[in-house]
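For reference, the structure is listed below as structure tokens.
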Amino acid sequence: MAENENKQEQAQFALQRIYVKDLSFESPKAPEIFQKEWQPEVSLDLNTSNQPLKQDMFEVVLSLMIKVANGSAKNAETAFVVEVQQAGVFMAKGLNKEDLHRTLGAFCPNILFPYARETVDSLVTRGSFPPIMLAPVNFDALYLKSNENKEGKSPS
């Protein structure tokens, strides 16, 4: 009897679906930008969000906004802007609140990031620019830092 209860309480996690939720590529200075020497300055804004769907099902969205300027700081022109919302539906069952938070806030974005990175590079190269080759992101560290910031701001 105890074995059956343990099996029912066991944590379960499964990826159900990965998809692009939103996508945008803008190159406001094309084709003039292609005539200039390529000196890119890349800025990256990265966010994650999640929401419950139905029992034990969650949507996690990884949002990337990449702006690339070309030229020196004084004369920089926007070469392109890429926005990607890479999303996934995940089943998470039998996790305590802390583990569920960590799973949705760090583990799931780690799964989504390679898909978002590939989507970004595909868009950028289709826009006739060299790929960005985004470095891996440590979502575990970002999650811990985010939690520390929240704890530090809460009243004592």
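All of the numbers you see were taken from the coordinates with simple rules; none came from a lab. A quick note: this is a predicted structure, and the numbers were derived from the prediction, not measured. So basically every Cβ, Gly included, is an ideal-geometry build from the backbone, and we count neighbours across all protein chains shown.
On a 27 Å Cα-Cα criterion, which of the cross-link pairs LYS74/LYS150; LYS97/LYS150; LYS54/LYS97; LYS67/LYS97; LYS21/LYS74 come out too long?
LYS74/LYS150; LYS67/LYS97; LYS21/LYS74
Which one of ASN47, GLN16, GLY71 has its Cα pushed farthest toward the positive end of the charge dipole of the range 1-89, where Lys and Arg give +1 and Asp and Glu give -1 at the Cβ?
Positive-most Cα among the choices belongs to GLY71.
Identify the chymotrypsin sites (Phe, Trp or Tyr not before Pro) of the range 11-109 meeting these criteria: DSSP loop state and at most 14 other C-beta atoms within 10 Å of the C-beta. Write out the running numbers ahead of the final one.
Values: sites: PHE13, TYR19, PHE25, PHE34, TRP38, PHE58, PHE80, PHE90, PHE107; in loops: TRP38.
Here the chymotrypsin sites (Phe, Trp or Tyr not before Pro) that fit, given the DSSP loop and packing criteria, are TRP38.
So between LEU23 and TRP38, what do we pick up on full extension, going 0.36 nm a residue minus the alpha carbon distance? Can you show the working numbers first?
Working: separation 15, 0.36 × 15 = 5.40 nm, distance 2.46 nm.
Taking LEU23 through TRP38 to full extension adds about 2.9 nm, to one decimal.
So how much slack lies between GLU148 and GLU98, counting 0.36 nm per residue of separation and subtracting their Cα-Cα distance, in nm?
That pair, GLU148 and GLU98, stretches by 16.6 nm at full extension.
Loop-only trypsin sites (Lys or Arg not before Pro) in the range 53-92, please: DSSP not H, G, I, E or B, and at most 13 other Cβ atoms within 10 Å. If you can, show how the numbers build up before the last one.
Numbers: sites: LYS54, LYS67, LYS74; in loops: LYS54, LYS74.
Counting only loop positions with at most 13 other Cβ atoms within 10 Å, the trypsin sites (Lys or Arg not before Pro) in the range 53-92 are LYS54, LYS74.
Defining a contact as two alpha carbons under 8 Å apart and six or more residues distant in sequence, what relative contact order in percent does the chain show? Display every interim value, and only then the final one.
Values: 250 pairs, mean separation 38.1, N = 156.
For the chain, the relative contact order is 24 percent.
So, with +1 on the Cβ of K and R and -1 on the Cβ of D and E, and no other charges, what is the size of the charge dipole of the chain about its Cα centre, to the nearest 20 debye?
Working: 16 positive and 20 negative charges, 38 e Å.
Dipole of the chain, to the nearest 20 debye: 180 debye.
Would you kindly derive the ³J(HN,Hα) couplings of the range 59-66 from the backbone phi angles with the Karplus curve 6.51 cos²θ - 1.76 cosθ + 1.60 (θ = phi - 60°), listing them in order in whole Hz, with x for Gly and Pro?
Per-residue couplings from phi come out as 9, 10, 10, 9, 10, 10, 10, 10 Hz.
Evaluate the Kirkwood expression for the hydrodynamic radius of the chain, namely the inverse of the mean inverse distance over all pairs of different C-alpha atoms, and round to one decimal in Å.
On the way: mean 1/r = 0.0559 Å⁻¹.
Roughly 17.9 Å, rounded to one decimal.
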